[in-house]
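S.K.: Before I ask anything, let me first share the structure, which is written out below as structure tokens.
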Amino acid sequence: MSTPDQTPSGAAAAASPASAASPDRAPAQLEFVDVVKRYPGASAATIESLSLDVPAGEILVLVGPSGCGKTTVMRMVNRMIEPSGGQILIDGEPNTTRPAAELRRDIGYVIQQTGLFPHRTIAENVATVPKLLGWPKARIADRTAELLELVGLDPEFAGRYPAQLSGGQRQRVGVARALAVDPPLMLMDEPFGAIDPITRERLQNEFLRLQETLKRTIVFVTHDIDEAIKMGDRIAVMRPGGHLAQYATPAELLLSPADEFVEQFVGADRALKRLALGRVRDLRLEETVRVRYGDPTAWVREQLRTSQVPYPLVVDADGRPLAWLDDDDLRGERVVEGVGSAVATVERDDILRDAFSDVLAHRVQFAAVVDGHGAVIGILSSDAVARELAPGPAPVEPVEAGAGPGTGS
Amino acid sequence: MSTPLAILGIFGDAIDFIFNAREARTGGAEVGGLGEFASLTGKHLLVTVAAVGLASLVALPLGLYLGHKRRGGFLAVSVSNVGRAVPSLVLIALFIAFLGVGFANVALALALLAIPPILTNAYVGVTQVDRDVIDAAVGQGLTDGQVMRQIELPLALPLIFGGLRTSVVNVIATATIAPIAGVVTLGDPIISQSVYGDAGKLAAAIVVALLAVVAEVGLGAAQRAVTPAPLRGTPGATRRGRFFVKTAGKGLSTS
Amino acid sequence: MSGALGSIPLLAQGGEGFVRNRESGSGASCVSDDGVCPAWIVDHFDRYMEPLGRHVLLTVVALAIGFSISFTLALLAHRRRWLIAPVVQLTGILYTIPSLALFFLLLPITGRGFLTAEIALVSYTLLIIFRNVVTGLDGVPSDVVDAARGMGLNDRQVLWRVEIPLALPEIAAGLRIAATTTVGLASLAFFAGAGGLGDPIYADLNFKSNVLVAGGLCVLLAIALDLLVLAVQRLLTPWTRAVPA
Ligand SMILES: Nc1ncnc2c1ncn2[C@@H]1O[C@H](COP(=O)(O)OP(=O)(O)O)[C@@H](O)[C@H]1O
Ligand SMILES: [Mg+2]
């Protein structure tokens, strides 16, 4: 490569201004224009003319069955694989104008097997690209500490070797290393693929939270449709043979799959999957009669006639839900202390899927939505959820807001 | 100008020495010629076969057994490390000084030299057999002895042959200095220059080198022949496989 | 037919420079019995120093040259895989030719002395070191190399900062085998007129004290070099000792 490493050459210095450690490098806009890849010796093209537009600051998920060419597409961005035709533009500039090694130092790269250097400590691993760019020692040290904190690793890990970390911790280091120079663009190839489901879920959530503040442009490869729906602002579903089957937001994908292949790939439970996209706060809540133990049952029955929800809810002095009452509970003169059945309690920020599951697990198919202090602010009914899922003229609300699951707080 | 010709001359003379007997430099007896080289080669091979045979008798059963039990890896590795640290000349010299000269002693010394590669390769050959394969065999009701004979031995055969090959080549090389212990091998013309002259010395060196190379190539072919056909695999796999079989075959353990 | 046994013709060829002197000093009867004589050993230990130094020189020079050649060849073959087969075959033949034969095959060309011995010794290190370097480089996990490229290390940086460091344990293992092998072969270098500990051994094969001291020094030298390379390797590869979480 023509640029000498270690010394802050003109290009390298320009690519890493003093402020590169803070997230004010603008995310890149990425565009694939008629990209073709034909491996030597292969009869058919692996990628047949792919065109895609990824807005700056969004997560593009490439998803599809194994061998359909996701990795190939991703690796053409940093020229680990050279396209056979077409162009890949980063902020409008073809990725071929700079030497490959220099281009790559500006693009974060995370792979499933982590690819951590076994002979370097965690700190040295994270410092790889800053060192290539010739950052001063003190700045590298500061940035390394900052990054380890960012990905939730104890500073004591800095001096350890990768072999001394668990799989999840190693993947965090992989992410920290890719973020080192706050690259405008990141490539992630099944980064959480080799991790147990519980740790994977945690890493996904943490990464989404990180992305809320970092707002990087990310190409994220996975073969897992659930992960794609969860992580993606936009999803490109690929079909064997390198065809783009559909390019849409997660909600659009679930609501209207382009063809049979996508429909099958997305799964028969796609309606339920859409629940993963919404939050309780996205639905209109209902109201019911709130009563206290000891209230006269006649009054309760009277109130119920005009209620949206056919069950009265017992609350305590602070408005916290205690129990649902049914007809049997209202036989006496007053509501007897301790009667009624358990209440499903959800919060406004809960994901609809989790809230709905909680509702289904209770005898009374309504959930009390509570605020931060546990006081009831409304009732969520399974009917309301069902109405939300029914395909109708009004699309699901979070899509209208243009927000994926990653945005909003 | 004259040097290359002179070199050719010496080598030509040496080759002539192999085929045609001539009078010894010290006068009197005839030296050289096919007859004498055939008998020296015979003696050379005899001491080699005796040594490697003796070594195999000890090392093969031990290596196979330790490998089967997957125990004693430390022993197998230590033996090969110690074996390498004791130079062959030192070993022979120790035998001469403490036990005296003669065919039996030389064969014994050379056998000690031959044991490490055979032992290590037999051990590694058996231990590298996939545990799942053995597990499946035991699960189908094969006895210990059947597992050893029907599964471990055939699968370890290529490496066992590799160890034998290494030992044979080593012993052929070392048998060249056997004349210092009174066993007249192909090393005799090399060491007792005064009798055979420069041509005889060079002639014997050529024959010994050829003998070693022929043994190496011949046993290499045998090693390939005993490798089960599926393990020889595709052309690509074969090249890589051979490279690594050879690594192990040389008995150059790395730990 | 032969009559090769006997010390006169042997000495004429081998042990020049090593003067036999068994009579002087203490324990004369032990010495004349060819025994193991501690007193004689103490008195005459210094006469083994010159051959020992020579032996070390022969070994270290051979290792240095052999390492340079085979390491370079291995780096070339690492990227140009087709080179591996011919290099292994060629160095394999060199490795197979008995050292004694090689010394004498070289004598008409390079003459007696250090050069001839070194050519032979170097040629035995080539296969061992080449093979271990190639194996070591092949053993570097492909995801690590992929990540290194993906982060923008160029070919040279990938080689020197990632592949070679990770191959060090295997390279050192090859060097250790080469070191002990070369110490052993160098004990035959006196046949090429290059001295070394083979000189005193060969000069008096029947004298137990002599064989023990010279042979012992050979073995100790082999062990010392082996441990030295091991120590350097451990120093250079601290990560191999990190205890997994
Ligand atoms: N270096 C290569 N040479 C030839 N074919 C390749 C190469 N890499 C990938 N392929 C082929 O291209 C197709 C797509 O591979 P890949 O992009 O890795 O798929 P995915 O990441 O979706 O599983 C596969 O059929 C694979 O066999
Ligand atoms: Mg892939």
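The values are calculated or read from the model by the stated rules, or taken from the named source; none is laboratory data. Fair warning: this is a prediction, and the values are worked out from it, not measured in the lab. Glycine gets a Cβ as well: all are built from the backbone with ideal geometry, and neighbour counts include every protein chain shown. Calculation scope for accessible area: heavy atoms of the full protein, side chains included, ligands and nucleic acids excluded. Shrake-Rupley method; radii C 1.70, N 1.55, O 1.52, S 1.80 Å.
S.K.: Counting partner chain Cβ atoms within 10 Å of every residue's Cβ in C:142-149, what's the average?
M.R.: 6
S.K.: Next question. Provide the per residue accessible area, probe 1.4 Å, for the protein assembly as shown, rounded to a whole number of square angstrom.
M.R.: Details: 38370 Å² over 909 residues.
Per residue, the protein assembly as shown has 42 Å² of solvent-accessible surface.
S.K.: Taking a quarter of the surface of the convex hull around the Cα atoms of region A:234-320, what do you get in nm²?
M.R.: Values: hull surface 34.7 nm².
It is 8.7 nm².
S.K.: Moving to a separate point now. Just the accessible area for A:Tyr293, please: 1.4 Å probe, Å², rounded to the nearest 10?
M.R.: Roughly 50 Å² of A:Tyr293 is accessible to a 1.4 Å probe.
S.K.: How big is chain A on each of its three principal axes, counting only the C-alpha atoms and giving the largest first in Å?
M.R.: In descending order, the Cα extents are 90, 50, 33 Å.
S.K.: Further question on the same structure: Just to verify a number: what accessible area does C:Met49 come out at with the full protein assembly present, 1.4 Å probe, Å² rounded to tens?
M.R.: Ignoring ligands and nucleic acids, C:Met49 comes out at about 80 Å².
S.K.: Using each residue's phi in region A:350-357, evaluate 6.51 cos²θ - 1.76 cosθ + 1.60 at θ = phi - 60° and report the 3J(HN,Hα) Karplus result to the nearest Hz, with x for Gly and Pro.
M.R.: 5, 6, 3, 4, 5, 5, 5, 4
S.K.: What's the angle, to the nearest 10 degrees (0 to 90), between helix C:49-79's Cα axis and the longest principal axis of chain C?
M.R.: 20
S.K.: Between the alpha-carbon centers of region C:161-231 and region B:73-148, tell me the distance in whole angstrom.
M.R.: When both Cα centres are located, 22 Å separates them.
S.K.: With a 1.4 Å probe and every protein chain left in place, tell me how much accessible area A:Asp354 has, in Å² to the nearest 10.
M.R.: 80
S.K.: Ignoring ligands, DNA and RNA, please state the percent of accessible area on the protein assembly as shown from carbon and sulfur, probe 1.4 Å.
M.R.: Carbon-and-sulfur percentage of accessible area, whole number: 60.
S.K.: Once Rh is set to the Kirkwood radius over Cα pairs, what Stokes-Einstein translational diffusion coefficient, in µm²/s, holds for region C:112-230 at a temperature of 37 °C and a viscosity of 0.692 mPa s?
M.R.: 198
S.K.: Taking every pair of distinct Cα atoms and averaging 1/r, then inverting, what Kirkwood hydrodynamic radius in Å comes out for the protein assembly as shown?
M.R.: Computed over Cα pairs of the protein assembly as shown, the Kirkwood hydrodynamic radius comes out at 33.9 Å.
S.K.: Can you give the accessible area buried between chains C and A, summed over both chains, with a 1.4 Å probe, in Å² to the nearest 100?
M.R.: Roughly 2200 Å² of accessible surface disappears when C and A pair.
S.K.: OK, next. Give or take rounding to whole Å, what are the principal axis extents of the alpha carbon atoms in region C:38-236, in descending order?
M.R.: Ordered largest first, region C:38-236 gives principal extents of 67, 39, 19 Å.
S.K.: Now, a different point. Ratio of region B:1-124's C-alpha Rg to 2.2 N^0.38 Å, to two decimals? Don't jump to the answer; show the numbers that get you there.
M.R.: Details: Rg = 20.8 Å, N = 124, 2.2 N^0.38 = 13.7 Å.
Dividing the Cα Rg of region B:1-124 by 2.2 N^0.38 Å gives 1.51.
S.K.: About its Cα centre, how strong a charge dipole does the protein assembly as shown have in debye, to the nearest 20, once Lys and Arg get +1 and Asp and Glu get -1 at the Cβ?
M.R.: 2720
S.K.: OK, next. Give me Rg/Rg_expected for region B:105-174, where Rg uses Cα atoms only and Rg_expected = 2.2 N^0.38 Å with N residues. Provide the component values of the computation, followed by the final result.
M.R.: Numbers: Rg = 15.2 Å, N = 70, 2.2 N^0.38 = 11.1 Å.
Its radius of gyration relative to the 2.2 N^0.38 Å reference: 1.38.
S.K.: A follow-up question, please. How shielded is C:102-111 by partner chains, expressed as the average number of their Cβ atoms within 10 Å of its Cβ atoms?
M.R.: 5
S.K.: Give the list, by residue number, of cysteines in the protein assembly as shown with no other Cys Cβ closer than 4.7 Å, or say none.
M.R.: Lone cysteines by the Cβ rule: A:Cys68, C:Cys218.
S.K.: Here's something else I'd like to know. Taking the alpha-carbon centroid of each part, what is the distance from region C:32-87 to region B:30-52 in angstrom?
M.R.: Spelled out, the Cα-based centre of one part sits 31 Å from the other.
S.K.: Could you grab the relative contact order for chain C? Cα pairs under 8 Å, six or more apart, rounded to a whole percent.
M.R.: The value is 29 percent.
S.K.: Once you average over the residues of C:175-186, how many Cβ atoms of partner chains fall within 10 Å of each Cβ? Let's see the in-between values first.
M.R.: Working: counts 0, 5, 8, 1, 2, 7, 4, 1, 5, 10, 4, 2.
Across C:175-186, the average partner-chain Cβ count within 10 Å equals 4.
S.K.: Also, quick follow-up: Probe radius 1.4 Å, ligands and nucleic acids left out: can you give me the accessible area buried at the B-C interface, summed over both chains, in Å² to the nearest hundred?
M.R.: 4500
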